[in-house]
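Novice: Handing you this structure, nothing more for now.
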Amino acid sequence: MRRSKHTRIVVIAGLWVSLSGAHAGTECPPVTRVGLSDLGYSSFREANGKIGGISVDVVNEIARRTGCKFEFLWFPRQRLFVELEAGRIDMTMAALRTPERDVYARYLPYAYLQYDLVLSNTPGRPYTSLGDFVARGTGRLNVTRGMNYDAAVETQLSLLAAAGRLEVVNDFETVFGKLEMGRADGTLATPPIYTKYLKSGNLKDRTSVITLPEATPRFTGVYLSKKTVSTAARMRYAAALKTMVSEQVLPALYAKYFDDATVKRLARQANGPLLAALSAPE
């Protein structure tokens, strides 16, 4: 049976863990509603409907450090930011920063991500970039609604669209399902996304992952609603994230889902810019 597009799953994650938690009630909302969507190991739904993934682990650690309570809700990726803009949720995870989102929400980064090109294996000389795939290839790329890419990547996607070689679909489950059935030739995804699908599906030995020169490491992080999240709560969450970054918590969380090489890649960027951004959250 197909799941509902909008699933409400309540997980109260909040522990009074220190003396500082005694005044958390003045800084924490009664509950912070966290919107999540299909992003591979970043956030996923298990067979029983329970939401899991790195984003859930990060929120649970914020809860442990702040004493605040959180509720997880599931949406299609494109719908997620509509809900945030409307103030029907308070927080999103694993989000790239964009000017459009900055209008209605405030950003707190906690890690880096970078897009790769995932392609079905084909005979001949392997591709070296997205531009190479656009120029020499004939295959069709499938990408997911609601995702944001580097300007150089967007340029190449525009060329694919003009050539009739680009299709936009609702979620990554659809993308990788089409790859498995041979109805798509590739996609753009980050390691947390494609690692889950290539590990659990029948694509592991039928695909290649190409590091894109067109894509650069970018912040991934939290967006907090300007309508519903107070300055005090935002500062409390920023302080928790800052200590998590300085204590290298994210690589430890990644180790639950990835091999050592992927953990090292995801954690290879210097933490200085993240700490600076969290020291003076807007």
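Novice: With each label point set 7 Å from Cα along the Cα-Cβ vector, what nm distance links ALA252 and THR122?
Specialist: The answer from the label model is 4.5 nm.
Novice: Something else about it: Give, in nm to one decimal, the length gained when the segment between ALA280 and MET235 is fully stretched (0.36 nm per residue of separation minus the Cα-Cα distance). Mind showing how you got there, number by number?
Specialist: Numbers: separation 45, 0.36 × 45 = 16.20 nm, distance 0.91 nm.
Additional length available on full extension: 15.3 nm.
Novice: Which lysines does LYS199 reach when only Cα atoms under 18 Å apart count, and residues fewer than 8 places away in its own chain are ignored?
Specialist: Of all the lysines, those that pass the test against LYS199 - Cα under 18 Å, at least 8 places apart if same chain - are LYS178, LYS256.
Novice: Quickly work out the ASN170-to-LYS264 label distance, labels modelled 7 Å from Cα along the C-beta direction, and quote it in nm with one decimal.
Specialist: 4.1
Novice: Which far-off residues, 5 or more places away or on another chain, put their amide H under 5 Å from the one on LEU212, with H placed in the peptide plane?
Specialist: Those qualifying (amide H under 5 Å, at least 5 residues apart or on another chain) are LEU117.
Novice: Something else: Which order do VAL175, VAL249 take by accessible area at a 1.4 Å probe, largest first? Numbers along the way, then the final one.
Specialist: Values: VAL175 0, VAL249 20 Å².
I get VAL249, VAL175, largest accessible area first.
Novice: Further, regarding this structure: Under the rule a/c < 1.5 gives rounded, and otherwise a/b versus b/c splits prolate from oblate, where does segment 97-247 land using the Cα gyration tensor?
Specialist: Numbers: a/c = 2.31, a/b = 1.96, b/c = 1.18.
Because a/c hits 1.5 or more and a/b exceeds b/c, segment 97-247 counts as prolate.
Novice: I need the calculated FRET efficiency for the pair ARG64 and VAL209, taking r as the beta carbon distance and R₀ as 22 Å, to the nearest 0.05. Show your work: numbers first, answer last.
Specialist: Details: r = 34 Å, r/R0 = 1.54.
Rounded to the nearest 0.05, the efficiency is 0.05.
Novice: Return an integer: the convex hull volume of the alpha-carbon atoms of the chain, in Å³ per residue.
Specialist: 133
Novice: Antiparallel as a % of all DSSP beta bridges within the chain, to the nearest 5?
Specialist: On the way: 25 of 37 bridges.
Roughly 70 percent of the DSSP beta bridges within the chain come out antiparallel.
Novice: Over segment 161-282, one equal point on each Cα, no solvent: what is log10 I(q)/I(0) by the Debye formula at q = 0.13, 0.18, 0.22 Å⁻¹?
Specialist: -0.74, -1.08, -1.26
Novice: At what distance in nm do the modelled label points of THR98 and ALA161 sit from each other, each positioned 7 Å from its Cα along Cα→Cβ?
Specialist: With each label placed 7 Å out from Cα toward Cβ, I get 1.2 nm.
Novice: Right, here's the next one. Over segment 132-185, with a single point scatterer placed on each C-alpha, what log10 of the ratio I(q)/I(0) does the Debye formula yield at q = 0.21, 0.26, 0.29, 0.32 1/Å?
Specialist: -0.80, -1.12, -1.23, -1.28
Novice: Using Cα-Cα distances under 8 Å and only pairs 6 or more residues apart, what relative contact order does the chain have, in percent?
Specialist: Values: 493 pairs, mean separation 72.0, N = 282.
Relative contact order comes out at 26 percent.
Novice: Measure nothing but the geometry: give the 0 to 90° angle between the long axis through the Cα atoms of 231-246 and the longest principal axis through the Cα atoms of the chain, rounded to 10°.
Specialist: 60
Novice: With the cut-off at 1.5 for a/c, could you classify segment 210-261 from its C-alpha gyration tensor as rounded, prolate or oblate?
Specialist: Details: a/c = 2.97, a/b = 1.58, b/c = 1.88.
Because a/c hits 1.5 or more and a/b fails to exceed b/c, segment 210-261 counts as oblate.
Novice: As a test question: what accessible area, to the nearest 10 Å², does TYR104 have when a 1.4 Å probe is rolled over all protein chains in place?
Specialist: 40
The values are calculated or read from the model by the stated rules, or taken from the named source; none is laboratory data. For clarity, every value in this text was computed on a predicted model and none was experimentally measured. Every residue, glycine among them, receives a Cβ derived from its backbone with ideal geometry; neighbour counts consider all protein chains shown. Heads up: the accessible areas ignore ligands, DNA and RNA and are worked out on the full protein's heavy atoms, side chains in. Shrake-Rupley method; radii C 1.70, N 1.55, O 1.52, S 1.80 Å.
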